[in-house]
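Chemist: Can you read through this structure? Questions will come right after.
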Amino acid sequence: MNEARPPALDRDAAAALIEPLTGLVVRAGAAILAVNRSAMKVDGKTDGSPVTEADLAADRIIAEGLAQVVPGIPSLSEERAARAALPYKGSFFLIDPLDGTKEFVAGRNEFTVNLALVTGGTPLLGIVSAPALGLIWRGIVGRGAERLTLGKGQPLIEPVRTRPCPPPGQPWAVAVSRLHGDARTEAFIAARPSAVRCELGSAVKFGRVAEGAVDIYPRLSPTSEWDVAAGHAVVTAAGGRITDSSGAALVFGSGRSDFIVPEFIAWGDPKAAP
């Protein structure tokens, strides 16, 4: 007997979930901040990337929370990818419980908790939380995006929007990774005269594109689906567009080997994309 196909959640369903999902991400971020970085154990994965008790604590909170809030919707997490059953049909959650583990281990504050709801292979809802910065970017495609500034009491919630690309002769502000450089991305940046490089960690780069602080975020080397999906939804909801270098859309959960996204460009101005 064939297993029942998980339902495909739409924008209305996503809107009903945004607050409880944000609460889960906030709790996961608090668990990360509670870990003593100077005393924690750092293990290595088979791909050479680090994993810490903070990654695992955040993943546990999100996994248990999703099972309560949205039972029946599968999830794919970086920390549980080995048990994934691909391809995913209908809707599923795509999670990186601690994006930027190297930043976290190094004592920097630009690490994030990423949670996306993907429907039909396309991110529909995204939440990117930078707990050490007290910021959350979130959005639903077709419903807009916003930034939450956390503090004592209720968070400050502000709508965000990507900005138009610079006019001819004006410099582009380009978000680049502090730790992951590659020749193709550098060539792409060099083709934009007077580009201003903005070095940032983790999915904070997507947040800065979404709020119009930078124009573009190119990554023309392989990364993983869970690194991209939440930021994809946030930037798209804020008015931007995510493509590969040829202008084609990205597809998530299709069963690509090792969940790899070969390349992507986050365009603040969709008119600038090929």
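Chemist: Would you call Ala39 more than 20 Å from Gly231 (Cβ to Cβ) and in a helix (DSSP H, G or I)?
Modeler: Here the answer is no, as Ala39 does not meet what is asked.
Chemist: Then there's this: Residues Ser202, Ser221: which one is within 30 Å of Ser91 (Cβ to Cβ), buried (at least 20 other Cβ atoms within 10 Å of the Cβ), touching a helix residue (DSSP H, G or I) at 6+ places or on another chain (Cβ under 9 Å) and not acidic (Asp, Glu)?
Modeler: Ser202
Chemist: Now for a different question. Mind checking which pairs have a first residue in region 65-88 that is part of a helix (DSSP H, G or I) and a second that is among the hydroxyl-bearing types (Ser, Thr, Tyr), Cβ under 6 Å, 6 or more apart or different chains?
Modeler: Leu66/Ser75
Chemist: Okay, next question. Condition (residue is surrounded by fewer than 23 Cβ atoms within 10 Å (Cβ to Cβ), out of contact with any helix residue (DSSP H, G or I) (no Cβ under 9 Å at 6 or more places or on another chain) and without any contact (Cβ under 8 Å) to a residue 12 or more places away in the chain) applied to region 97-118: is it met by at least one residue?
Modeler: Yes.
One line per residue, one yes/no per condition, for (1) in the same structural domain as Val25 (by TED's automatic domain parsing); (2) at pLDDT 95 or above; (3) within 24 Å of Val105 (Cα to Cα); (4) not hydrophobic (A, V, I, L, M, F, W, C):
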position: Arg138; (1), (2), (3), (4): yes, yes, no, yes
position: Leu156; (1), (2), (3), (4): yes, yes, no, no
position: Gly181; (1), (2), (3), (4): no, no, yes, yes
position: Ser202; (1), (2), (3), (4): no, yes, yes, yes
position: Asp215; (1), (2), (3), (4): no, yes, no, yes
position: His232; (1), (2), (3), (4): no, yes, no, yes
position: Ala238; (1), (2), (3), (4): no, yes, no, no
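Chemist: Follow-up. Taking region 244-265, which residues are outside any strand (DSSP E or B) and either crowded, with 17+ Cβ neighbours inside 10 Å or of a type in the set (A, V, I, L, M) (or both)?
Modeler: Hits for region 244-265 are Ala248, Ala249, Leu250, Val251, Phe252, Gly253, Phe259, Glu263.
Chemist: Where in region 196-243 are there strands (runs of 3 or more DSSP E), lying fully within it, with 2 or more residues that are β-branched (Val, Ile, Thr)?
Modeler: 241-243
Chemist: Just one of the numbered conditions (1) modelled with pLDDT of 95 or more; (2) within 25 Å of Arg80 (Cβ to Cβ) is not true of Ala175; which one?
Modeler: Of the numbered conditions (1) modelled with pLDDT of 95 or more; (2) within 25 Å of Arg80 (Cβ to Cβ), the odd one out for Ala175 is (2).
Chemist: In addition: Looking at the structure I just gave you, is Leu150 buried (at least 24 other Cβ atoms within 10 Å of the Cβ), hydrophobic (A, V, I, L, M, F, W, C) and touching a residue at least 60 places away in the same chain (Cβ under 8 Å)? It would help to see each step written out before you state the result.
Modeler: On the way: buried (at least 24 other Cβ atoms within 10 Å of the Cβ): no; hydrophobic (A, V, I, L, M, F, W, C): yes; touching a residue at least 60 places away in the same chain (Cβ under 8 Å): yes.
Against the criterion (buried (at least 24 other Cβ atoms within 10 Å of the Cβ), hydrophobic (A, V, I, L, M, F, W, C) and touching a residue at least 60 places away in the same chain (Cβ under 8 Å)), Leu150 does not qualify.
Chemist: Also, I was wondering about something else. Can you name the condition, by its number, that Leu94 falls short on among (1) within 15 Å of the chain's Cα centre (by Cα); (2) more than 14 Å from Ala14 (Cβ to Cβ)?
Modeler: (2)
Chemist: Now for a different question. Among the residues of region 93-109, is any of a type in the set (Phe, Trp, Tyr), assigned by TED's automatic domain parsing to the domain that holds Arg37 and not in a helix (DSSP H, G or I)?
Modeler: Within region 93-109, one or more residues are of a type in the set (Phe, Trp, Tyr), assigned by TED's automatic domain parsing to the domain that holds Arg37 and not in a helix (DSSP H, G or I).
The values are calculated or read from the model by the stated rules, or taken from the named source; none is laboratory data. Because the structure is a prediction, the values reported are computed rather than measured. So basically every Cβ, Gly included, is an ideal-geometry build from the backbone, and we count neighbours across all protein chains shown.
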